[in-house]
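The values are calculated or read from the model by the stated rules, or taken from the named source; none is laboratory data. Everything numeric in this text was worked out from a predicted model, so none of it was measured. Positions of Cβ are generated from backbone atoms using ideal geometry, with glycine treated the same way; all protein chains shown enter the neighbour counts. Accessible surface is based on the protein model in full, side chains and every heavy atom, while ligands, DNA and RNA are left aside. Shrake-Rupley method; radii C 1.70, N 1.55, O 1.52, S 1.80 Å.
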Amino acid sequence: MSPVSTAQHGAVSVITVDNPPVNALSQAVRAGLVSGIEAAEANDACEAVIIICAGRTFIAGADIKEFGKPPLEPFLPDVVARIEACEKPVIAAIHGTALGGGFEVALGCHYRIALASAAIGLPEVNLGLLPGASGTQRLPRLIGAEKALDVMLTGKPVKAPLARDYGAIDEIADGDDLEAAAVSFATQCIARGPRRIRDMEVARVDAAMFDATRKKIASRTRGLISPEKIIVAVELATKTDFDAGCAAERELFLECMASPQSSGLRHAFFAERGVAKVPGVSKDTPKRDIAKLAVIGAGTMGAGIAYSGLTTGLEVTLLDNNQDALARGEKTIRELYAGGVQRGKLAEADMRAGLGRLNTSQDYDDIADADMVIEAVIENMAVKKEVFAALDKVVRKGAILASNTSTLSVDDIASATSRPQDVIGLHFFSPAHIMRLLEIVRGQETAADVIATSIGLAKRLGKIGVVVGNCFGFVGNRMLYSYGRENQLLLLEGAAPEYIDKTLYDWGMAMGPNAVGDLAGLDVGYYTRKERTDRPDDPRFYRVADVLVEMGRFGQKTGKGTYLYEDGSRKPVPDPEVNALIRAEAEKLGVEQRDITEQEIIERCIYGLVVEGARILEEGIASRSGDIDVVWMNGYGFPRHRGGPMHYADSVGLDKVYARVCEFTERFGSMYWEPPALLKELAESNRKFSDL
Ligand code: T1G
């Protein structure tokens, strides 16, 4: 049955699209829209047409699931052109979010009415694309080139009232009955007749605006190809006729669609939605009510976690056994709120209400009625066990006891309680109130409803919750060890820190590994490595980092680490003393010095991630390769346009990756580079990690 139907309301034909969950423009929807328009044209009783959608939103775009498959007619640009050519006025009635091809359909209509709560947008840039159904030619004609560029280059939705101020929407519906308001508005449009955007001219614009835009977005779009193509397409809209502009747009769109970048970004889109599918936890798994949250440990992480809970309406008690630390934690929360209000992110009233829900305490009895407790004390197993044993005695039955541990065993922590089924890991990433990633670590005995509740909490906090298994470092930090290990070995083999960092930064990483180490603090990794029971028997393993820490060079916080940081600056400056130190350590260890290519740096560090990721999949620590990709894109600055380490390996070809890993095994030994059986199996069967 077609997902598009038509009903007659007096002189108005109402075409309704009903293609859950977001009315994406599948082939059936595209065909249905063309049929609906043709039927309305042939219907003498019809004097105006409305296109409206059932369900939660107006069309949210082309059907991304169809991308990469042979395109099926009718192609979307032709559908939009057919709507626009209709001899009777066509009105788009928008609710929810009219995005991408959905908004392009609305631009093909002659008028647009929307609920005040609706939004429009062209987010194709987030998928490595550009609007491919004439949006780059119509929107500048409607609202001007500069505003149109902003909509397309940010990819952010524009709320209906502002869109109306721009001229992108003609009418904001009174009340919530969109269909009734649309029928009434359509009736008024009958006399006005069709108004086609293709017949409009783009308002005059200073040609310098385009280069100014390029400069403005350069750092934010580093390495991406579709932003420049968007600018070219819009520039053309100001210089050529509509059809020529559309033809050029089509070429540019196909180039983007064929790019590995778009493949990576589309993978990221679906992978971030795929993490919600957790083995043993269904959408119907009951969740426990969380209204009262207790946070143990008022340090940076604890305060950030407490602030996140407050801003989403939870009542929070921040507890620390050190009065000064507690006062500092509370001060941090007040400062975060004040900053949010100052930047216009939060209303003054929200800050007052949030601070009204904040309690501080040094007495565990004060959190006896908590629904969830998140422990954020130092990364030391003995201390964590002490805290959980105390919680077990005091906190009500049925409460969830979570640890913010970044590497330690959730099962060991749970063993300190009589309720391991209520214990889970919630690994926040610093800064806890900003980083989107949350690793949800399931212990052997963690109950399904505890996991489901934690997934719900992640969503409530605006985070991406990835459920992972329990092992040293879980997914992110376990792989970070391999990545950092190769960086440390490359240092000893003769590659300068700044050379390694620039190579990986240029490749797409948000920061090089040595700059990251100085930012996070080399001492953090140092103490965690000391906790490792499985530290490799290799004196070179993180030798440089260990020596630096033992010299008191922790990184930015001590003004020097791998790099120098002059007068409080955060800019890493190479330090000849460190380079000499590395040479001396290499000599002591008998490490041969050699020139190392950029390609080797990239492959050693990135394939180090891939090999560890394959082992994680073999052990079932991650449910799917996409989950690993989501962790690394959202927690470690892995370039989103490469789709994450596992997708990147898939895009290179696992046969090639496997061959290179075998070479590394030959050159560097099997301690680190023994190819996982899974990698070998997939390489030899010409399959991908994403095929699992
Ligand atoms: N195609 C296919 N499936 C989609 C989809 C799409 N465009 N958008 C969402 N879904 C699925 C999603 O995978 C999930 O599936 C379910 O819908 C709910 O999504 C020619 C080329 C609309 C704001 O980029 O931003 O048009 O996991 O969990 O949080 O110029 O989805 O349930 O099986 O995100 O309420 C442009 C992408 C496409 C919009 C809703 N459009 N979507 O958010 O739900 S390219 C976009 C979103 C294009 C044209 C070009 C969000 C949302 P499942 P959800 P949500």
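Structure values in brief
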item: Rounded accessible area per residue of the range 537-639, 1.4 Å, Å²; result: 42
item: FRET efficiency for E592 and E531, using Cβ-Cβ distance with R0 set to 35 Å, rounded to 0.05; result: 0.65
item: Sum of -39500 (n - 2.57) over DSSP H runs of 4+, divided by residues of the chain (222 nm, nearest 500); result: -15000 deg cm²/dmol
item: Distance (nanometres) between label positions extended 7 Å along Cα→Cβ at D538 and I172; result: 6.1
item: Mean projection area, nm², convex hull over Cα of the range 292-468; result: 8.8
item: Accessible-area composition of the chain, carbon plus sulfur, in percent [1.4 Å probe]; result: 53
item: Spatially close lysines, pair count over the range 384-536: Cα under 29 Å, gap of eight or more or interchain; result: 12
item: Amide hydrogen neighbours beyond the local backbone of V14, cut-off 5 Å, H modeled; result: A7, Q8, H9, I50
item: Cα gyration tensor, the chain - rounded (a/c under 1.5), prolate or oblate; result: prolate
item: In Å², nearest 10: area of M200 left accessible to a 1.4 Å probe; result: 50
item: Residue-normalised accessible area of the range 292-468, expressed per residue, 1.4 Å probe, Å²; result: 39
item: Cα-centred dipole magnitude for the range 292-468, charges only on beta-carbon of K, R (+1) and D, E (-1), debye, nearest 20; result: 620
item: Alpha-carbon centroids, the range 20-85 and the range 198-238: separation in whole Å; result: 28
item: FRET efficiency for E681 and D366, using Cβ-Cβ distance with R0 set to 56 Å, rounded to 0.05; result: 0.55
item: Dipole of the chain, positive direction: furthest Cα of N514, S690, L314, with charges on the beta-carbon; result: L314
item: Contact order relative to length of the chain, as percent, for alpha carbon pairs under 8 angstrom and 6 or more apart; result: 9
item: F638 accessible area, 1.4 Å probe, all protein chains in place, Å² to nearest 10; result: 10
item: Label point distance in nm, F67-K656, each placed 7 Å from Cα along Cα→Cβ; result: 2.1
item: Most to least accessible of Y563, Y658 (protein chains only, probe 1.4 Å); result: Y658, Y563
item: The range 15-122: relative contact order as a whole-number percent, Cα under 8 Å and 6+ apart; result: 30
item: Sites A207 and A258 - FRET efficiency at Förster radius 35 Å, r taken between beta-carbons, to 0.05; result: 0.75
item: Heavy-atom accessible area per residue - the range 4-248, 1.4 Å, Å²; result: 40
item: Residue among G61, V125, P21 farthest towards the positive dipole end of the range 4-248, charges placed on Cβ; result: V125
item: Potential extension, D199-D18 segment - 0.36 nm per residue separation minus Cα distance; result: 62.1 nm
item: Nonlocal amide H pairs with S403, under 5 Å, H built at 1.01 Å; result: E375, I424, G425, L426
item: Cross-link reach list, lysines versus K656, counting only Cα pairs under 19 Å and skipping chain neighbours closer than eight places; result: K680, K688
item: Approximate spin-label separation D567-S415, in nm, with each point projected 7 Å along Cα-to-Cβ; result: 5.4
item: Charge dipole (debye, nearest 20) of the range 4-248; +1 at Cβ of Lys and Arg, -1 at Cβ of Asp and Glu; result: 940
item: Other-chain or far-sequence residues with amide H under 5 Å of A92's (modelled H); result: I51, H110, Y111, R112, I113
item: Heavy-atom accessible area ranking, 1.4 Å probe, most first, across F668, F689; result: F668, F689
item: Which of T285, T187, T300 is most accessible, then next, and so on - probe 1.4 Å; result: T300, T187, T285
item: The range 359-490: relative contact order as a whole-number percent, Cα under 8 Å and 6+ apart; result: 20
item: Positive-pole candidate from I217, P420, V281, dipole of the chain, charges at beta carbon; result: I217
item: Contour minus Cα-Cα distance for K277 and S430 (0.36 nm per residue); result: 52.5 nm
item: Debye, to nearest 20: dipole size of the chain, +1 on Lys, Arg Cβ, -1 on Asp, Glu Cβ; result: 620
item: Full-stretch length increase - S219, N359 - with 0.36 nm per residue and alpha-carbon distance subtracted; result: 46.3 nm
item: Cα shape, the range 4-248, gyration tensor, a/c 1.5 rule; result: prolate
item: Exposure of R615 as accessible area (Å², to 10), given a probe of 1.4 Å and all protein chains; result: 50
